[in-house]
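All of the numbers you see were taken from the coordinates with simple rules; none came from a lab. Quick caveat, the model's predicted, so the values are computed rather than measured. Glycine gets a Cβ as well: all are built from the backbone with ideal geometry, and neighbour counts include every protein chain shown.
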C-alpha cells in the first residue's frame, strides 16, 4: 500500500513539473542544452554542437567576416548588426553559459522538485500552481513570438530578393560561390535553420531563467504565509516552526543567489546588446526608403517594429521578474512586522527582528554583471538610452 501511495505521489510531482516547465524542457532537449548529466559516450551530449555549428558557420562567422568590407556604408553596417550579428552573438553566448552551468542548473531543478514534494498546505500548493500557470503562459507566448519573427523575416526576404542585390537571407562572406546551384539553395536552407535555432535558444533560455525566478518568488510567498500564521502554533512548537522559517529563508536566498551567479555576466551582455539592437532597429525603421520595392515598404516597417517590440518584451521579462523578486524578498520584513508578534512570547518575538534585518539588509536581486539590477526603472533607462542613440545615428546619417 505504501509503495502504491509513493508511486502516485511521484506521478503527481512529475505532472506538476511537466506543467511548470515541460514546454521548455522539450525545446531545450531538441537543441541539446537541457541541464542533464553529460557523458562522453552518450550521443545526446553532443546534440548541442548541431545548432552551435549551424549558427556559427551559416550566419555568425560570415556576417562578422563581412563587416570590415561594408564598414564604409552605414546602412549595411546597421543591417548587419541589427538583424543577425547581435542576436546570434547573444544566442551563442547563451549556449555557452547554459552548458558551463549545467551542474548548478541540475541542482536548481532538484530543488524545484523537492519544493513540489514537500509543500504542506493547500494555500502553498495553490500559490505554486498559480506561479506555474504564469510561467507556462510566458514560455509558450515568448516561444511563439520569437518564432514568428523568423517566419516573417524569411517571407519578407523572399519577397524583397527580387528588388535587392542581396539574394540571401542575411548578407555575409562565404568561402565558396553562393550564386550557383546547389550552393545557393543549401546556403539559404542553412541560414533559415540557423535563424530558427537562434530564436529557439534566445526565447527558451530567457523563459527558463524567468521560471526559476518566479519559482523563488512563489516560495517567498509561501514563507510569508507561514510568518502570518506563526501566532497560531502552540508555544511548544513555536521555536521549531521559527527554525523552519529561517532555514526556508536561507534556502530561498541560496536558490536565488545560484541563479544570479550563473547568469549575471550573460545578462549584462544581453542588456548591452539589446540596447544597441533597439537603437539600430529603430534607426532602420526611421531611415527606411521605398526604392524599387516601395509598395512593400509598409510590410518592412511593420516587421522592424514587431522585431523591436519582441526585443523589448524579452528585456521587459527580465525587468519584471527581477523587480518582483526584489519586492517579494523585501516584503518579508513587512510581513514579519505585520504578523501578530505581540501575541508571541518575548524571546520568539525578538527573533523576528533578525528575519526583518536580513530581508531589509540583503534583498534578493537579479543583476546585470553586478553593475545594476533588473527593475522597471532599468527598462525605462534602456529604452531612453536607445532613443538617444537613434538621434546620434540620425545626425550622422544627415
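Observations on the model:
- Using 0.36 nm per residue and subtracting the Cα-Cα separation, the extra length available between residue 47 and residue 251 on full extension is 70.1 nm.
- For the range 1-154, averaging the sequence separation of C-alpha pairs within contact (under 8 Å, six or more residues apart) and dividing by the residue count gives a relative contact order of 34 percent.
- Debye equation applied to the C-alpha atoms of the range 71-207, log10 I(q)/I(0) at 0.09, 0.11, 0.16, 0.18 Å⁻¹: -0.44, -0.59, -0.96, -1.12
- Cβ-derived FRET efficiency at R0 25 Å, residue 181 paired with residue 155, nearest 0.05: 0.70
- When each of the peptides 215-222, 120-127 is scored by the mean number of other C-beta atoms lying within 10 Å of its residues, the order from highest to lowest reads 215-222, 120-127.
- Across the range 26-122, the volume of the C-alpha convex hull divided among the residues equals 139 Å³ per residue.
- Relative contact order for the chain: 21 percent, from Cα pairs under 8 Å spaced at least 6 residues apart, divided by residue count.
- Of all the options 379, 342, 307, the one that moves most in a Gaussian network model of the chain with Cα springs shorter than 10 angstrom is 342.
- Structural size metrics of the chain, computed from C-alpha coordinates, are Rg and Dmax of 24.9, 85 Å.
- Here the calculated FRET efficiency for residue 14 and residue 162, from their Cβ-Cβ distance with R0 = 35 Å, stands at 0.10, rounded to the nearest 0.05.
- Gap separating the Cα centres of the range 343-388 and the range 205-263, nearest whole Å: 15 Å
- Calculated mean residue ellipticity, 222 nm, the chain: -26500 deg cm²/dmol, from DSSP H runs (n ≥ 4) at -39500 (n - 2.57) each, averaged per residue and rounded to 500.
- Between 0 and 90°, nearest 10: helix 86-100 axis offset from the chain longest Cα axis: 40 degrees
- For the range 130-257, the relative contact order comes to 32 percent (Cα pairs under 8 Å, sequence separation of at least 6).
- C-alpha long axis of helix 183-228 to longest principal axis of the chain, angle in °: 20 degrees
- Against the chain, whose longest principal axis comes from its Cα atoms, helix 2-31 is set at around 20 degrees.
- Cβ-derived FRET efficiency at R0 22 Å, residue 388 paired with residue 313, nearest 0.05: 0.55
- Cα pair distances in the range 131-177, grouped into 5 Å bins until the bin that holds the longest one, percent each: 5, 18, 16, 13, 14, 10, 9, 7, 5, 3, 0
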